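Below you'll find the structure, written out as structure tokens, and then a few comments.
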Amino acid sequence: MKNIALIGRPNVGKSSLFNRLAGKRIAITSDVSGTTRDTKKEEIEIDDKHALLTDTGGLDDKDEMFETVKRKSLQSAKESNIILYMVDGKLFPDDKDKKIFFELQKLKKDIALIINKIDNDKMNEIVWEYQSFGIKNIFPISVSHNRGITPLLNWLYKKLPIEENLELNDDEDLSLEDFLDNFKNEEENLKEKLSSSSNEIKVAIVGRVNVGKSSLLNALLNEERAVVSSIAGTTIDPVNKEMIYKDKIITFVDTAGIRKRGKIEGIEKFALNRTEKMLENANIALIVLDASEEFKELDERIASLVDKFSLGSIIVLNKWDKARDEYKKVVEDVRYRFKFLGYSPIITVSALSKKRIHKINDKILEVYENYSRRISTGKLNELIKFANSRHHLPSDMGKIVKIFFATQFDIKPPRIALIMNRPKSLHFSYKRYLVNTIREHFNFEGSPILIFPRKRGEKEEIEEV
């Protein structure tokens, strides 16, 4: 499959074109220069052909962050087969654009010049100015008005290879044996596909700005996938990357750093919404804390999002080489501040030096196994009976409260229904006691356990009380 790279300076409309070609809103777009900072990839379809489209950060070098973005964008151009260089059609040709474009031509790739923001025919006059780039493949477009996209798609279609059609012709006969063999193969493929879904683990990396989330992602992948700089708020778009570890597919998502509510401005509001969306679809969260400084109230609020979405979790103390105190005191502080995540394991690392990074992947597999754990109904009811014998259920205004039986009805996270005579009378402290008793007998480290009291014979959907 050929790779198409979208290249250009900041705020020319690359992410808008990326979303248009992908057919969905993936990249965050705004009028703010430098919104896209990390590369983003999506498989696109042009008629009956497919390609991998890469959206890159704007080419600029005004500070440390933009220098890193520029270097990664140019690297994407080198790795691509087709380059779409985009410029702002509301501006006259710029010497910097020409210099970059001529450098890209030296890569000997298929390349086209995309002049965006040509919103009407009157603006076509400026297109003539871009003839100075000396290239035949010039496409004046307007992404916002959906103008000029078809000629670009036709040109791309011609550059993509013809894909093999594996379907049988109508006049091709199959013997019964061949038909049954094909059916069997399809069935096996379906079984393999269904079983492989349990091998996929989605891990969100969360934390406030500048705690080292992107550095951690790069260390886990052993490559520079996310843009890293000392500038707070470098990551805006979530950055996805898959890796295979011990037969499991782990998809890491480096989410945008979260600031105090009063400091969330402009495109970071989109980033915060996108972060919550990613947490909805994740299995496990790596909660990254800065061990070199005192924990903040914002750290607790971010961790509460993990609790809100009932994710498996691992607390990662980053910058441990600059730790503000000894291990025992820091861990005591974590346990005191994050009581609601008392089941989460704690790992100390240094993302920049990659110390103890290898421990995280193994711990992810352990937590995911616990997050997916199922207790048989028989064992669960024995345990509930044992717990009840140690501490009887408190009565409700003199009325007896009973648990008839318990059953686990879901996993990821484990969800347990208690069938009771008075479900609304189950006190939260007794629910917590039951959860702790379950943890004493089964390994649920890193995973929440949700308990839902229900009436006998209740048909409606179970809701947490």
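If I filter segment 401-430 down to residues being touching a residue at least 12 places away in the same chain (Cβ under 8 Å) and small (Gly, Ala, Ser), which single residue comes out as surrounded by the most Cβ atoms within 10 Å (Cβ to Cβ)? Within segment 401-430, the match that is surrounded by the most Cβ atoms within 10 Å (Cβ to Cβ) is ALA406.
Report whether or not ILE115 is part of a strand (DSSP E or B), surrounded by 14 or more Cβ atoms within 10 Å (Cβ to Cβ) and more than 31 Å from the chain's Cα centre (by Cα).
On the way: part of a strand (DSSP E or B): yes; surrounded by 14 or more Cβ atoms within 10 Å (Cβ to Cβ): yes; more than 31 Å from the chain's Cα centre (by Cα): yes.
When the stated conditions are applied, ILE115 passes them.
One residue alone among LEU221, LEU289, LEU217 is of a type in the set (A, V, I, L, M), surrounded by fewer than 23 Cβ atoms within 10 Å (Cβ to Cβ), touching a strand residue (DSSP E or B) at 6+ places or on another chain (Cβ under 9 Å) and modelled with pLDDT of 80 or more, and that residue is LEU221.
Might you let me know whether segment 93-106 holds any residue that is within 22 Å of the chain's Cα centre (by Cα) and either surrounded by fewer than 15 Cβ atoms within 10 Å (Cβ to Cβ) or modelled with pLDDT of 85 or more (or both)? Within segment 93-106, not a single residue is within 22 Å of the chain's Cα centre (by Cα) and either surrounded by fewer than 15 Cβ atoms within 10 Å (Cβ to Cβ) or modelled with pLDDT of 85 or more (or both).
Residues that are under 18 Å from the mean Cα position of the chain (by Cα) and among the polar types (S, T, N, Q) within segment 305-343 comprise SER310, SER313, listed in sequence order. Pairs linking a residue in segment 119-131 that is outside any helix (DSSP H, G or I) to a residue that is loosely packed, with under 13 Cβ neighbours inside 10 Å, with Cβ atoms under 6 Å and 6 or more positions apart or on different chains, are ASP119/HIS145. Tell me, please, whether a residue that is assigned to a helix (DSSP H, G or I), hydroxyl-bearing (Ser, Thr, Tyr) and either buried (at least 18 other Cβ atoms within 10 Å of the Cβ) or in the same structural domain as LYS248 (by TED's automatic domain parsing) (or both) can be found in segment 348-368. Yes, segment 348-368 contains at least one residue that is assigned to a helix (DSSP H, G or I), hydroxyl-bearing (Ser, Thr, Tyr) and either buried (at least 18 other Cβ atoms within 10 Å of the Cβ) or in the same structural domain as LYS248 (by TED's automatic domain parsing) (or both). Could you list, in sequence order, all residues of segment 389-399 that are at pLDDT below 90 and surrounded by 11 or more Cβ atoms within 10 Å (Cβ to Cβ)? Residues satisfying the conditions are PRO394, SER395, ASP396. Could you list, in sequence order, all residues of segment 70-92 that are outside any helix (DSSP H, G or I) and either more than 20 Å from LEU17 (Cα to Cα) or of a type in the set (Phe, Trp, Tyr) (or both)? Scanning segment 70-92 gives TYR85, PHE92.
Of all the numbered requirements in (1) surrounded by fewer than 19 Cβ atoms within 10 Å (Cβ to Cβ); (2) at pLDDT 85 or above, GLU64 misses one, and that requirement is (2).
Quick check on PRO413: is it assigned to a loop (DSSP other than H, G, I, E, B) and more than 23 Å from GLY446 (Cβ to Cβ)? Against the criterion (assigned to a loop (DSSP other than H, G, I, E, B) and more than 23 Å from GLY446 (Cβ to Cβ)), PRO413 does not qualify.
In segment 431-462, of all residues being surrounded by fewer than 19 Cβ atoms within 10 Å (Cβ to Cβ), in contact with a strand residue (DSSP E or B) (Cβ under 7 Å, 6 or more places away or on another chain) and in a loop (DSSP other than H, G, I, E, B), the one that is modelled with the highest pLDDT corresponds to ARG456. Provide a single number: the residues in segment 262-286 that are modelled with pLDDT under 50 and either closer than 27 Å to ASN199 by Cα or out of contact with any Asp or Glu (no Cβ under 8 Å at 6 or more places or on another chain) (or both). Counting residues in segment 262-286 that are modelled with pLDDT under 50 and either closer than 27 Å to ASN199 by Cα or out of contact with any Asp or Glu (no Cβ under 8 Å at 6 or more places or on another chain) (or both) gives 9. Pairs are defined by a Cβ separation below 6 Å, a sequence spacing of at least 6 or placement on different chains, a first member in segment 204-232 that is at negative phi and of a type in the set (Lys, Arg), and a second member that is modelled with pLDDT of 85 or more and surrounded by fewer than 24 Cβ atoms within 10 Å (Cβ to Cβ); the pairs so defined are ARG225/ASN218.
The values are calculated or read from the model by the stated rules, or taken from the named source; none is laboratory data. Nothing here was measured: the structure is a model prediction, and the numbers come from that model. All Cβ positions, glycine included, derive from the backbone under ideal geometry; neighbour counts span all protein chains shown.
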